[in-house]
Structures are given as structure tokens and as C-alpha cells.
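Data block below; observations after.
The values are calculated or read from the model by the stated rules, or taken from the named source; none is laboratory data. Note that the coordinates shown come from a computational prediction; the quantities given were computed from them, not determined experimentally. FYI the Cβ positions are ideal-geometry reconstructions off the backbone, even for glycines, and counts take in every protein chain you see. The area values use the complete protein model at the heavy-atom level, side chains included, leaving out ligands, DNA and RNA. Shrake-Rupley method; radii C 1.70, N 1.55, O 1.52, S 1.80 Å.
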Number of protein chains: 2
Amino acid sequence: MPIDKGIEKQIPRIIIGRLPLYLRALDRLKKDGYHYASSRELGRLLDISAAQIRKDLSRFGELGKRGKGYEIDFLIKELNQILNTNKVWKMIVIGAGDLGSGLARYRGFKDRGFEVVAIFDIDPQKIGREIGGLVVKNILDMCDYVAENSIRIAILAIPAENAQKLINELAEVGISSILNYAPIYIKTPDGVQIEHIDPSVHLQKLSYYLK
Amino acid sequence: MPIDKGIEKQIPRIIIGRLPLYLRALDRLKKDGYHYASSRELGRLLDISAAQIRKDLSRFGELGKRGKGYEIDFLIKELNQILNTNKVWKMIVIGAGDLGSGLARYRGFKDRGFEVVAIFDIDPQKIGREIGGLVVKNILDMCDYVAENSIRIAILAIPAENAQKLINELAEVGISSILNYAPIYIKTPDGVQIEHIDPSVHLQKLSYYLK
């Protein structure tokens, strides 16, 4: 059944947040040679209940078949369409320190729908250096670059200072999605979505299980 | 009301996973000068429904007061106790590349309950170098170090190859919690908890909202 994008408007962010996990688990099952996946198998891989998975996916139409489960290739295609990752989004990385360099060199983005096309820093010692095939650009040129290349996604890998100012500027030139590694609290500008990656949050989940 | 650790056994991982988010939001409200937080305020910060937050927290006893909400200092203390972060856990970082170096230099772990005490690599060019006050150790010495220092938590910041073998070895010498940055699927050894940090999962959540 084709997906009606119109009905998705009201879908809670928490459900949207689980779709990439389903996609990753399906990729794994596909690599392992499977053609169909049951909600139970997906649930076991992801530690999410089968009922929750069926409920989440049913928001997007009838994606599975009773008794057979989900056809993996089909569901991967549908999820990529829902998540807009049936194309490759150009991204910029801000900050050419350890983390930014690692992200610029990371080769795992492209087959998930993303590509780092430029990296920026404020430090004259870093500007002009090559990282992962990209030459570090001056952060003063960032807004022009974003506007000229219609970039929508930025990864923030800088220390806390000035991050808020930078985000406000980025929002003005067209960035609407930010993946933030900076350990800060951000006032999100209108029309911008921010995801935070915070290793301490994951560590605290792990330490719960430590005796 | 004191927390009875005995009643926590059955709490789903998905709830445990939200507790660090509550803790981070409470820290923010505290820094902003608040003494009490309602489930509605927490929910607004976290994009989680107030009802969900009240339901999650009620699993751990009566932590809030009707009409007043949660006393921030008290709830921070209780959550740290539940998550076992009322002490500082020693961690090792495996891999002294861009990401591992960044993690070894990161100063944000300590007041969240964690501390990087050693970093390991297999590359002779990296072994012996200083990163964030730590000298990179030979990965061949890792298992001895873990056993001698009773380390329970490891952060994996290495490429995909050999990761599975490494994890199996770590499990044998006492590591029970792994924060994994490697883009791989892992067969989790018995008694080990793994959390994955995968930027593509966050990016796909963001791209859903891109027109």
C-alpha cells in the first residue's frame, strides 16, 4: 500500500525516532540473508516489543502481511521514503577538532542517506588542512557556502562557546536540521530540528545495570 | 520515599533509557535557578508527554508531590541513585583515532558519573603518545589492565574489524558495559550490556522533517 505523506503530520517524534532503528535492523537481517522479518524478530534485535513495532509501522499503512511478517526489501524502501533517505543529503561539519575530523573521515554516512561535503573551523592552524578528502574552510565563509549550496543539515562538533550564536546564524541561511555534539543546552530557532548526541546519557543507561 | 531497588527488576529498558534524559533536563532546570519541576515542564524540554514522565517516575516510588511537581535536588539525587551514578565509574577507551582521542580529552564525563582512566590502541605509532593527560597503552595489555583495575565499562572507538573478538575478550575479564561507536552488529556476550551511538540514526530522524 502506498504511503500517504499527508497522514504522517501528527505522528509523535518518539515514533519517528524508532523508524531509523527499524531500518538498521532490517539492513542487518537483509545482510544475514533474510527476505522476511517478523515484528518479533525485529523486536528481539532492538529490545522493543513486537506489539510496539506493529503499532508504529501501522501508522504508515499496511506494510506487513498477516502471518508472513514484513518483506524486508519492501519495508526498507518504504522506510527510506518516509525518512527522506531515498536520496543523499549534503551536510557540513562545523569544527575540525578530533570529533569533527572523525566525522569528516567517516565512510558510513553515504549508504544511510548522507554525505559530508564541507568542514569548517575558526582556527587558522586548521583552516586549509586536508581531512578525509576535504580542505578545512574558514568558518567566516560558512553562511555563504550554506546558502550557495542549499545545505539543510549541519553537524555541530565544537566546544560550547558561541554555539548558540552559530546556530542562530545557520538557521537564517537555511539550515533546518542540526546534529549537535556540543555539550550545551540550545534555544532552538523556529523551524529548526536538533538532535543531540550525548555519550553520558548512554553511559548512565548502562550503569543502571551495574551492580 | 526511599527507593526499593528490589522492585526495579522488571522495569523495561525503554524506561531506563529515559531516566538519563530526565536527569539532564533536571540539571538544566537547576542551572536555570528552578527548585521544582513539573512533568509538563520536563516534557516540554524533552518532547515526551507529561503523562509518560509521571508514569515512568512512579515506577520508582512517589518522587513528586501532587500540585507541586518534583523537587529538583531530590529527584536528581534519586535518579543518580537509581542509575548508579552517585559514584564515578572508571572507563577505558579502545582506539586512539580521532574519536577515541576526542573521548579521552572530553571533560564532560566526570560530573555525570564517569571518568576515562586509560586509552588503548594497536598501532605502534599511537602507543606511548599522550592524549588528554593519558599515555596510549598497548592493546595487548588491555585485558590485564581491566582485570587489575576492576574496570566494568569500555568505550569502543575502533573500526569494525576485530571488534567482535575484542568484545568477547573484554567480557571474559570483567567488562559488563560497552558504549560502542563502531559501525558493526555485535553478538552480545552473556552478561554484557551494549549501547550503540550511531549518528546516522539521528540524521535519519532529522531528515524525516526535511521537505
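Please give the calculated 222 nm ellipticity per residue for the protein assembly as shown, where each DSSP H segment of at least 4 residues contributes -39500 (n - 2.57) and the sum is spread over every residue; nearest 500 deg cm²/dmol?
On the way: 16 runs with 166 residues, N = 422.
The per-residue figure over the protein assembly as shown is -11500 deg cm²/dmol.
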Quick shape check on the stretch A:93-197: root eigenvalues a ≥ b ≥ c of the Cα gyration tensor, a/c under 1.5 is rounded, otherwise prolate if a/b tops b/c, else oblate, and it reads rounded
For chain B, what does the relative contact order come out to in percent, with C-alpha contacts under 8 Å and a separation of six or more?
14 percent
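In the stretch A:61-93, what trypsin sites (Lys or Arg not before Pro) fall in a loop by DSSP, with at most 14 other Cβ atoms inside 10 Å?
Numbers: sites: A:65, A:66, A:68, A:77, A:87, A:90; in loops: A:66, A:68, A:87.
Sites meeting the loop and neighbour criteria: A:66, A:68, A:87.
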Kindly identify residues of the stretch B:137-154 having a loss of at least 10 Å² in accessible area between the isolated chain and the assembly of all protein chains, probe radius 1.4 Å.
B:152, B:153
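Taking square-rooted eigenvalues a ≥ b ≥ c of the alpha carbon gyration tensor, is the protein assembly as shown rounded, prolate or oblate, where a/c under 1.5 means rounded and, failing that, a/b exceeding b/c means prolate? Don't jump to the answer; show the numbers that get you there.
Working: a/c = 1.16, a/b = 1.01, b/c = 1.14.
Taking the square roots of the gyration eigenvalues as a ≥ b ≥ c, the protein assembly as shown is rounded.
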Once each part is reduced to its C-alpha centroid, what is the distance from the stretch A:105-151 to the stretch B:117-183 in angstrom?
30 Å
Can you give me the relative contact order of the stretch B:3-95 as a percent, contacts being Cα pairs under 8 Å and 6 or more apart?
35 percent
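Using protein heavy atoms only (no ligands, DNA or RNA), what is the total accessible area buried between B and A, 1.4 Å probe, nearest 100 Å²?
Summing both chains' loss of accessible area gives about 6000 Å².
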Under 5 Å between amide hydrogens, which residues at least 5 positions from residue A:193 or on another chain qualify, with H placed 1.01 Å from N in the peptide plane?
A:177, A:178
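Scale the Cα Rg of chain A by the rule-of-thumb value 2.2 N^0.38 Å and send over the ratio, two decimals. Each step should come with its number before you reach the end.
Values: Rg = 19.4 Å, N = 211, 2.2 N^0.38 = 16.8 Å.
Scaled against compact globular proteins, the figure is 1.16.
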For residue B:161, place a label point 7 Å out from Cα along the Cα→Cβ vector, do the same in each other copy, and report the separations in nm, one decimal, smallest first.
4.1
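Reported to two decimal places, what Rg/Rh ratio describes the stretch B:73-123 when computed on Cα atoms with Rh from the Kirkwood expression? The partial results should precede the final answer.
Working: Rg = 13.6 Å, Rh = 12.1 Å.
Ratio of gyration radius to Kirkwood radius: 1.12.
For the stretch A:83-157, which GluC sites (Glu not before Pro) pass both filters: DSSP loop (anything but H, G, I, E, B) and at most 10 other C-beta atoms within 10 Å?
Working: sites: A:115, A:130, A:148; in loops: none.
Filter output for the stretch A:83-157: empty list.
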Sort shortest first the distances from residue B:185 to its counterpart in every other copy, using label points 7 Å along the Cα-to-beta-carbon line, and give them in nm.
4.0
Within straight cross-link reach of residue A:87, meaning Cα distance under 18 Å, which lysines are found once same-chain residues fewer than 8 apart are removed?
A:5, A:77, A:110, B:205, B:211
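Taking R0 as 25 Å, what's the FRET efficiency between residue A:87 and residue A:13 from their Cβ-Cβ distance, rounded to 0.05?
Working: r = 22 Å, r/R0 = 0.88.
Approximately 0.70, to the nearest 0.05.
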Please compute, for peptide A:74-86, the average count of beta-carbon atoms on other protein chains lying within 10 Å of each residue's beta-carbon.
2
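With only Lys, Arg, Asp and Glu charged, each at its Cβ (+1 for the first two, -1 for the last two), find how big the charge dipole of chain A is about the Cα centre; round to the nearest 20 debye.
Working: 31 positive and 26 negative charges, 224 e Å.
Its charge dipole is roughly 1080 debye.
So what is the accessible area of the stretch A:55-154 per residue, in Å², with the probe set to 1.4 Å? Write out the running numbers ahead of the final one.
Working: 5020 Å² over 100 residues.
Result: 50 Å² of accessible area for each residue.
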If you rotate chain B onto chain A, whose Cβ in B ends up lying nearest the axis, and how many Å away is it?
B:98, 2
Are there residues in the stretch A:95-111 whose accessible area shrinks by at least 40 Å² when all protein chains are included rather than the chain by itself, and which are they (probe 1.4 Å, ligands and nucleic acids not counted)?
A:98, A:106
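Roughly speaking, to the nearest percent, how much of chain B's 1.4 Å accessible area is carbon and sulfur? Kindly include the intermediate steps, with their values, before the conclusion.
Values: 5180 of 10550 Å².
So the carbon and sulfur contribution to the accessible surface is 49 percent.
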Filter the GluC sites (Glu not before Pro) in the stretch A:1-97 to those in DSSP coil with at most 11 other Cβ atoms within 10 Å of their Cβ, and list the result.
A:62
Got the residue B:88 label distances to the other copies yet, label 7 Å along Cα→Cβ, in nm, shortest first?
4.4
